[in-house]
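The values are calculated or read from the model by the stated rules, or taken from the named source; none is laboratory data. Computed from a predicted model, the values in this text were never measured in an experiment. As a convention, Cβ positions derive from the backbone with ideal geometry for all residues, glycine included, and neighbour counts pool all protein chains shown. Surface accessibility is based on the protein's heavy atoms, side chains included, excluding ligands, DNA and RNA. Shrake-Rupley method; radii C 1.70, N 1.55, O 1.52, S 1.80 Å.
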Amino acid sequence: MYRIPVVLRQSHCSNRRPRLSAPTLPETEPKSHRQVLEALSGLLLVLFVAMVSSTIVSIALPQIIGSLNGTQSQYTWVVTAALLTTTASTPIWGKLADLFDKKLLIEIAIGIFLVASLACGFAQNTPMLIAFRAVQGLGMGALQILVQVVIAAIIPPKERGKYNGYLGGVLAVATVGGPLLGGVITDTSWLGWRWCFFLPIPFTLIALVVLHRTLNVMSVRRPETSVDYPGAILIAAGVSLLLIWVTFVGNSFDWISWQTLAMVGVSIVLLVAATWVESVVKEPVVPLHVVRRPTPALAILVSVAVGMAMFGGAVFLGQYFQIGRGYSPTESGLLTIPMMFGTLVSSTISGQLVSRSGRTRPYIIAGSIVLTLGFLIMSTIDHETSMVIVGLGMLVIGMGVGMCMQNLVLAVQNTVPLREVGAATGAITFFRSLGGTIGVSVLGAVLANRVTADITEGFAKAGIRPSGSQDGSTLNMAAMPEPIRVIVRAAYGDATGHIFLVSAGIAVVGIVAALFLKPARLRESVDLVEPAPPAEARR
């Protein structure tokens, strides 16, 4: 009776028709451009608010950690905690999207995100902030995956490219506006950094209302299936222990020590156990039958490399501008515009070209190469580099990211039927987030070790014997005397180039994987057309 992929209010009983027709409904009567935009309005607004909430914090983080007297390791973990819970929860949310009402799941995710944002704003110390950021990551993981799953449920892959342009535009505007807004809030004396968490709350509530009124996506429930919680817990535990080891090795204990043996050994055991669980459970949280296919496997490898390089490198730019170069938070936000402009332009143009050609491989390869080039440019920077060169490097990085990110998701979604879109999208988003989490931890450890060595050397040359808050171990620059502040700024400015060099090496792995992707055209139907069902689907 109702053949559009969005359920109308009066069609409640139509959901109880034979399940055989449910997956084929979207391809019998595609939605118009206007109908799709109406359905997307709430989704894009939700994603915009979530991204703004995240990017507001990114540029204010040096000020936040300095105000709470946090250390470089804690700076890293404020980011890593959110990425870790995002990574661990993403595949679970993706699987839940295949089982339950997608709209209800998004509303639950918004609620989690909203409460966690409030808690972050009231945090009294760095450990408390890290804990609340971990909770916030649960909502962030849900919103990232569920928006993509719903888009995949209502738009065919070949048409999805141009809508990915809208998605890329929203992400770019949020990413540009977030740092600027965060900088202004942090620099405004009667507001302060806590309003970076408070200000997005009313907009989140508005997004929730818009979503509730505009989104009515069809959900095909499969009560006979279940969520693989043991697998998710094992994966999260294994990855978490590995990241904790990366954070403390070289400082708290040696690379070759009993602590290293214990932590790495237990991590390997947990991840091997997780792999075994995923291979035997009926509904794995990371479906091995999907990730073993050539295209998803290679796309996941590219996503891991891109995620490690992109998240790991970009998260420290605010620190570079504010601590390494002495710019204010507002100025730091303005200085990130080239990267976001590159992402906006390249994602929009590549999305249109993908829809016209039906191919993603050329743009993924080109994006991987451009991303690596951008990191190579940024690897040359120090505390005295011309901002023109820094801006050029960020622009090139943004262009590479824009061409890769959504096209990788699209390439994977194109290989699976509609009933597996949630799990497949969750898998590639999981590995991308995992790459980002590892990247932030690894590059944060590299930065911390390099900064410590440079500061120690700088103090020795200057004949300074600092103590307490003046030893450079905290990021409270206001508490440091001018001679020490100069040494610390130079150390952070010079060390940042090294983490981008590591990022470039990681991105090369993405190029190699992208080259092995098989050429394939995007299908024009929402669901995969099986040999038998098409005739029935057209009735």
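Using the Cβ atoms and a cut-off under 12 Å, what net charge is assigned to the surroundings of D494, where Lys and Arg are +1 and Asp and Glu are -1? Don't skip to the answer; put the middle values down first.
Working: positive: R325, R450, R489; negative: D382, E384, D454, E457.
Charge balance near D494 sits at -1.
Pop out the carbon and sulfur fraction of the accessible area of the range 325-383 as a percent, whole number, probe 1.4 Å.
Numbers: 1640 of 2380 Å².
About 69 percent, which is the carbon plus sulfur part of the accessible surface.
If you stretched the chain out fully between F248 and R356, how much longer would it get, using 0.36 nm times the residue separation minus the C-alpha to C-alpha distance? The partial results should precede the final answer.
Values: separation 108, 0.36 × 108 = 38.88 nm, distance 4.90 nm.
Full extension from F248 to R356 adds 34.0 nm.
Amide H of R359: which non-local residues (sequence gap of 5 or more, or other chain) have their own amide H closer than 5 Å, using H built in the peptide plane?
L522
Accessible area per residue for the range 244-285 in Å², computed with a 1.4 Å probe and the full protein assembly in place, what is it? Could you put the intermediate results ahead of the total?
Details: 2620 Å² over 42 residues.
Value returned for the range 244-285: 62 Å² of accessible area per residue.
With every protein chain kept in place and ligands, DNA and RNA left out, what is the accessible area per residue of the range 361-454? Probe 1.4 Å, answer in Å². Mind showing how you got there, number by number?
Values: 2630 Å² over 94 residues.
Result: 28 Å² per residue.
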